[in-house]
């Protein structure tokens, strides 16, 4: 029995190249949970195999800036020349329906969400070692050398921000990492601050006691 | 990969009759975790099937009071005429070895442990309804009617203390409840405050930053 019926906002973040996307996709293979992916919007060009409306909403810089003006983003950030943002619409509706809403965002953006959505669960995906991350960035091959060096610099700064997250998940193996996130989701639902109200209705104990 | 190597002190508590013992036993059926049960000491007589040194250490009232004097308990409480306590020895050694130490204690005792061991994880086992708990107390049959009424009164007071715990686990089904506790254990190990130090050594990032 799950006391807390409201969905969780799960923020998957971490250094560039750590494998946030693969971990996030692996999460959706667990059938017993009702996950919804909140698709980000970006002005960077699609990588090979990426599909508009599935991996990202790919838009022009003008379009993105128009939406910033309109207050349409929960967070957005610019890096290595491109915008990345999380459209605000639908998130609250999904949470009310009891769906777990998954955001996959850059570190800078995640820290903006922290202020706006204090109830969200913040997961820092860490590489098992610095070398593992660097190798990934070097072999990804979809970017030019300058971009790779920029991403390494960015990763170095991001490594220092892990302490601002609720949990640190080492991505030594995608399935392990996803499995650990599932454990976090289950534990978070059982947390007293999320479940005490339903508990009190269930046992009809005085709602005002001990507040 | 598990960043936090130290074991967790897991306090399983909740109203009398909620099935703490059965949930605790079910936990030990999960092979992938290194649980150790910290056996409580009591002056109440063994129920049918209970074994000294397995379910409890059964001692005399004199012996128990001698140990209170000697400071041998992490917590102890007296109720319906009997003492119940948690012997202190071994707990820290087990935690250092990375074992998860499970305590199964009454609500009053759990709140004493909270002050002494702030790093422990406090789980309130709740019945799915008040009726479920009352039926359990009525059909347990090992106690006289006065004791049953005393336990009901005690349960009513204990229902009000759930908000003092970290997690509320509904014991609608023993296996579900144990499974949820396993999720809590995994999540707690991934919590930033428990894993940030190992994370920093792993990535060799400056230990003093952002403290």
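Diffusion of chain A by Stokes-Einstein, at 4 °C in a medium of 1.567 mPa s and with Rh set to the Kirkwood radius over alpha-carbon pairs, works out to 71 µm²/s. Relative to the longest principal axis of the C-alpha atoms of chain A, give the angle of the C-alpha long axis of helix A:174-190, reported between 0 and 90° and rounded to the nearest 10°. Value to nearest ten degrees: 30.
Distances, shortest first, from the label point of residue A:132 to those at the same position in the other copies read 3.9 nm; the point lies 7 Å along Cα to C-beta. Treating r as the C-beta distance of residue B:54 and residue A:60 and R0 as 51 Å, the FRET efficiency rounds to 0.15.
In the assembly of identical copies, residue B:49 has its label point, taken 7 Å from Cα in the direction of the beta carbon, separated from the corresponding points by 5.4 nm (ascending, one decimal).
Could you work out how much longer the chain between residue A:79 and residue A:115 gets when fully extended? Use 0.36 nm per residue separation minus the Cα distance between them, nm to one decimal.
10.9 nm
Residues A:194, A:140, arranged from fewest to most other Cβ atoms within 10 angstrom of their Cβ, appear as A:140, A:194. Working from label points 7 Å from Cα in the Cα-to-Cβ sense, the residue B:131 to residue B:179 distance is 2.5 nm. Ordered by the number of other Cβ atoms lying within 10 Å of each residue's own Cβ, fewest first, B:139, A:42, B:147 fall into the sequence B:139, B:147, A:42.
The long axis of helix B:107-116 is offset from the longest Cα principal axis of chain B by roughly 30 degrees.
Take residue A:25, move 7 Å from Cα toward the beta carbon, and the resulting point lies 4.6 nm from the same point in each other copy, nearest first.
When N counts the residues of segment B:39-89, how does its alpha-carbon radius of gyration compare numerically with 2.2 N^0.38 Å, as a ratio?
On the way: Rg = 10.3 Å, N = 51, 2.2 N^0.38 = 9.8 Å.
Normalised Cα radius of gyration, segment B:39-89: 1.05.
First measure r as the distance between the Cβ atoms of residue A:138 and residue B:31, then evaluate 1/(1 + (r/R0)^6) with R0 = 51 Å and state the FRET efficiency to the nearest 0.05.
On the way: r = 39 Å, r/R0 = 0.77.
Efficiency for this residue pair is about 0.85.
Principal semi-axes of the equivalent ellipsoid, √(5λ) from the alpha carbon gyration tensor of segment A:136-203, are 39, 14, 9 Å from largest down. With no solvent and one equal point scatterer per Cα, compute the Debye intensity ratio I(q)/I(0) for segment A:96-181 at 0.13, 0.16 Å⁻¹ and report its log10, rounded to two decimals. Here the Debye-derived log intensity ratios amount to -0.51, -0.75.
Against chain A, whose longest principal axis comes from its Cα atoms, helix A:145-159 is set at around 30 degrees. When the alpha carbon coordinates of the protein assembly as shown are projected onto the principal axes, the ranges are 78, 42, 33 Å, largest first. R0 = 30 Å: FRET efficiency of residue B:172 with residue A:92, Cβ-based, nearest 0.05? Taking R0 as 30 Å, the efficiency between residue B:172 and residue A:92 is 0.55.
Since every read-out is calculated from the coordinates, none of them should be taken as a lab result. All values derive from a computational prediction rather than experimental measurement. Positions of Cβ are generated from backbone atoms using ideal geometry, with glycine treated the same way; all protein chains shown enter the neighbour counts.
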